[in-house]
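The values are calculated or read from the model by the stated rules, or taken from the named source; none is laboratory data. Only a predicted model underlies this, so the values are computations on that prediction, with no experimental measurement involved. Cβ placement follows ideal geometry from the backbone for every residue including glycine, while neighbour counts extend to all protein chains displayed. In case anyone asks, the SASA skips ligands and DNA or RNA and just uses the protein heavy atoms, side chains included. Shrake-Rupley method; radii C 1.70, N 1.55, O 1.52, S 1.80 Å.
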Amino acid sequence: MKRLASIAGASALLLGIVAAVALHVAANRGPAGDYSPPAGALVTYFPAPEDDQGPPLVISGSIEAGFMRPFFLAFQRHNTRLSLVYIQSRNDALLERALWACKEGERTADIYLTSSTDHLVRLANENCAATLPSAIGRAAPARASWRDQVVAFTVEPAVFVFSRELDGPLPPSHVALLEWLRALPADRARVGTYDIETSADGYDLAASDSNQDALYGRLLEGLGRSDIRLYCCSNVMVDALDRREILFAYNVQLSYAYKAQRAGSRITVILPDDYQALQTLSFMQPKRARDPDSALKLAQFLVSDEARGIARQNLVPPGMTPALAAAQADRLLAQASVTPLLLSLQDRARREHLIREWREAIAPAGSSLTPASE
């Protein structure tokens, strides 16, 4: 009986979510057309803590829903009658859908969130973004804002993650990593990293790495000499380490690595001390938002002191003293960047060159793409 009750409860919850999304779609019908999410999107519903006062705020993002959950729940504590629908899709799918909606005059989401800040800068340059109050940009980490239209709220650095099976000192920097990779015995050289041809996050981090001109080519060669496995996502790489499928993962997103540590994964996480490949996570309010007032409230919250505290928690390892944790988090947040230079990531010739260089270094090692879902 308990099992039947549990199944019935889960079914009721699912029906409630579907109904909420259906209500939102109905509310968006009008001269501007219906809102339709990108293909393959995942929908997460955050019900209002109190009675809803209207359709939910619709957020379209490429950031994993679990990462955004603490931000959304904290926001709802201040907006208890506002429900949220978070539509998670691939970075490229979000950009494609947003550009289409902007150019065709179709309904958009109320706000966009992404780790591919270059996509939002492109949307702003295509005249698709609303201009936010300048106080929002001034409150952003490192005051990272482009024309008060694309604004940063946190960062996602890349880290080295090792299995605890490995003996001896582990490399604290990219330079030391080169020597460590060369010295790996053949039976211990199982290395994982992003497949940058299929993962936008992987491509962004590789592009950040490539700014270290003198080192990047040597890093690719070092990885290429290993028994390398390619993955879609950071959480899948961490799972592969837990399964001992690999012994080292390169360029894992820091928040996933620290989250796995807190959950008890047998891994060692090292934030390299020479430089960090890094993504800036940002938001943008489109011009055709159905609920611009609520979108503005979320934008203001994401750069608030409370949201900054949540961002800091994601950027520090378990067990670090408060003083050291605050210093590390603030040092990383100070690297947030939103500039038109990010548009170089949209350059087709640069992308093709970067992927070709990466493939030529990685493919000779007989790499294999490990099947994994995002």
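In table form, for the structure just shown:
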{"quantity": "Relative intensity, log₁₀ I(q)/I(0), of region 220-352 from a Debye sum that treats every alpha carbon as a point, q = 0.09, 0.16, 0.22 Å⁻¹", "calculated": "-0.39, -1.08, -1.36"}
{"quantity": "Phi to ³J(HN,Hα) by Karplus 6.51 cos²θ - 1.76 cosθ + 1.60 over region 179-190, Hz, x for Gly, Pro", "calculated": "5, 5, 5, 5, 8, 5, x, 4, 7, 10, 9, 7"}
{"quantity": "Segments 215-227, 69-81 sorted - mean Cβ within 10 Å per residue, highest first", "calculated": "215-227, 69-81"}
{"quantity": "Amide H partners (placed H, <5 Å) of Val155, local residues excluded", "calculated": "Leu281"}
{"quantity": "Pairwise Lys count, the chain - Cα closer than 30 Å, eight or more residues apart or different chains", "calculated": "4"}
{"quantity": "17 Å tail of the calculated P(r), region 206-293, as % of Cα pairs", "calculated": "61 percent"}
{"quantity": "Folded to 0 to 90 degrees: helix 292-302 orientation relative to the chain principal axis, Cα", "calculated": "40 degrees"}
{"quantity": "Sequence-distant residues sharing a close amide H with Cys233 (under 5 Å, placed H)", "calculated": "none"}
{"quantity": "Matching label, Cα extents along the principal axes in Å computed from the structure shown, candidates (i) 63, 57, 42; (ii) 66, 40, 39; (iii) 63, 54, 32", "calculated": "(i)"}
{"quantity": "Region 30-163: antiparallel DSSP beta bridges as a percent of all, rounded to 5", "calculated": "45 percent"}
{"quantity": "Modelled FRET efficiency - R0 35 Å, Gln313 with Glu357, Cβ distances, 0.05 increments", "calculated": "0.45"}
{"quantity": "Hz values of 3J(HN,Hα) by residue in region 69-79 - Karplus curve (6.51, -1.76, 1.60), Gly and Pro given as x", "calculated": "3, x, 5, 5, 5, 5, 4, 5, 5, 9, 9"}
{"quantity": "Protection-proxy order for peptides 231-240, 277-286, each taking the mean of Cβ atoms within 10 Å per residue, highest first", "calculated": "277-286, 231-240"}
{"quantity": "Local electrostatic count at His78 - Lys and Arg +1, Asp and Glu -1, tallied over other residues with Cβ under 10 Å", "calculated": "+1"}
{"quantity": "Label zone at Asp187 (point 7 Å along Cα-to-Cβ), backbone N below 19 Å, region 158-172", "calculated": "163-168"}
{"quantity": "Accessible solvent surface per residue of the chain, calculated while the other protein chains remain in place, 1.4 angstrom probe, Å²", "calculated": "45 Å²"}
{"quantity": "Environment charge of Ala189, counting only residues whose C-beta is closer than 12 Å and scoring Lys/Arg +1, Asp/Glu -1", "calculated": "+3"}
{"quantity": "For peptides 249-259, 308-318, sequence by mean Cβ density within 10 Å, most packed first", "calculated": "249-259, 308-318"}
{"quantity": "Environment charge of Ser265, counting only residues whose C-beta is closer than 13 Å and scoring Lys/Arg +1, Asp/Glu -1", "calculated": "+3"}
{"quantity": "Phi-based couplings in Hz for region 330-336 (Karplus 6.51, -1.76, 1.60; Gly and Pro marked x)", "calculated": "5, 5, 6, 4, 5, 8, 4"}
